[in-house]
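What follows is a short report on a single structure.
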Amino acid sequence: MTEEIITELPDILRNHICTMKKASFDSSKNISMCDSMLRVVNFDKIPAEYTRGKGWKFMPKSNDALYISIDGKWFFIEFKNGSIDCSDVFRKIYDSLIMLIELGVIPDLEFARQEFDYILVYNSEKYGKIPQSDGRDINYSFVMKRAEMEEKLFGIEKLEQYIFHETHTYTKKLFETNFLKPMEEQEEKQRLG
């Protein structure tokens, strides 16, 4: 995010700016899923502030990062470096949107339908779509790498137009190609004027 966008954010978001690399950090494996220095809201920090003083016995779930592009498009980004629990992913989506609405950051779900995209970045080496078979894995990996295609996984696409404008499930490489590089180029172009 650019400095101009960051300064317009409410304090609860502005106070948790970090790099995409930091937001993608998997503390259980001590590794980041990307090395990008793009600035994002570390959205994992928002639930603690959101629930402060409410006396609730639970903590809402949250997506890892929130990014707002120069052209005003909003992105929730979730990084998964191991197994993927779809119900947990959906819970993070719903809780994150509820927090943004209740905090007055976005007006309503219609705003999300028009302006928000959702990106789930997964480690293709650790996610098994079907039971292991060396031959199947080799063929599948070869075809998907050659095609450099996004594969819609985990039922996330069901949320398109219902909650989000678009949804994406990217491998780390596709995330780099389809999101990070274009956003970095966009920010650099604006910075240079």
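Give segment 4-24 a look and list any residue that's touching a residue at least 40 places away in the same chain (Cβ under 8 Å), of a type outside the set (A, V, I, L, M, F, W, C) and over 28 Å from Ser83 (Cα atoms), or say none.
Pro10
Can you list the helices (runs of 4 or more DSSP H) found entirely within segment 1-84 that contain at least 3 residues being closer than 30 Å to Leu192 by Cβ and under 14 Å from the mean Cα position of the chain (by Cα)?
It comes to 20-23.
Can you find, within segment 85-105, the residue that is farthest from the chain's Cα centre (by Cα) among those that are surrounded by 13 or more Cβ atoms within 10 Å (Cβ to Cβ) and assigned to a loop (DSSP other than H, G, I, E, B)?
Leu103
Mind listing just one residue for me: the one in segment 40-60 that is of a type outside the set (A, V, I, L, M, F, W, C) and open to solvent by 80 Å² or more (accessible area, probe 1.4 Å) and, of those, modelled with the highest pLDDT? If you could, list the steps in order and put the result at the bottom.
Of the residues in segment 40-60, the ones of a type outside the set (A, V, I, L, M, F, W, C) are 42, 44-45, 47, 49-55, 57, 60.
Now restrict to residues that are open to solvent by 80 Å² or more (accessible area, probe 1.4 Å): 45, 52-54, 57.
On the way: Lys45: 96, Arg52: 92, Gly53: 89, Lys54: 90, Lys57: 88.
In this case the residue turns out to be Lys45.
Any residue at all in segment 25-32 that is in contact (Cβ under 8 Å) with a residue 12 or more places away in the chain, open to solvent by less than 50 Å² (accessible area, probe 1.4 Å) and not charged (D, E, K, R)?
no
Considering only residues that are within 15 Å of Val89 (Cα to Cα) and either modelled with pLDDT under 95 or not acidic (Asp, Glu) (or both), which ones fall in segment 107-121? Explain how you work it out, then say what you get.
Pass one, segment 107-121, residues within 15 Å of Val89 (Cα to Cα): 117-121.
Passing the criteria: Tyr118, Ile119, Leu120, Val121.
Inside segment 33-64, can you point out the residues that are within 21 Å of Leu174 (Cα to Cα) and out of contact with any strand residue (DSSP E or B) (no Cβ under 8 Å at 6 or more places or on another chain)?
The one that is within 21 Å of Leu174 (Cα to Cα) and out of contact with any strand residue (DSSP E or B) (no Cβ under 8 Å at 6 or more places or on another chain): Asp35.
The values are calculated or read from the model by the stated rules, or taken from the named source; none is laboratory data. This is a predicted model, so every value here is computed, not measured. Positions of Cβ are generated from backbone atoms using ideal geometry, with glycine treated the same way; all protein chains shown enter the neighbour counts. Only protein heavy atoms, including side chains, enter the accessible area calculation; ligands, DNA and RNA are left aside. Shrake-Rupley method; radii C 1.70, N 1.55, O 1.52, S 1.80 Å.
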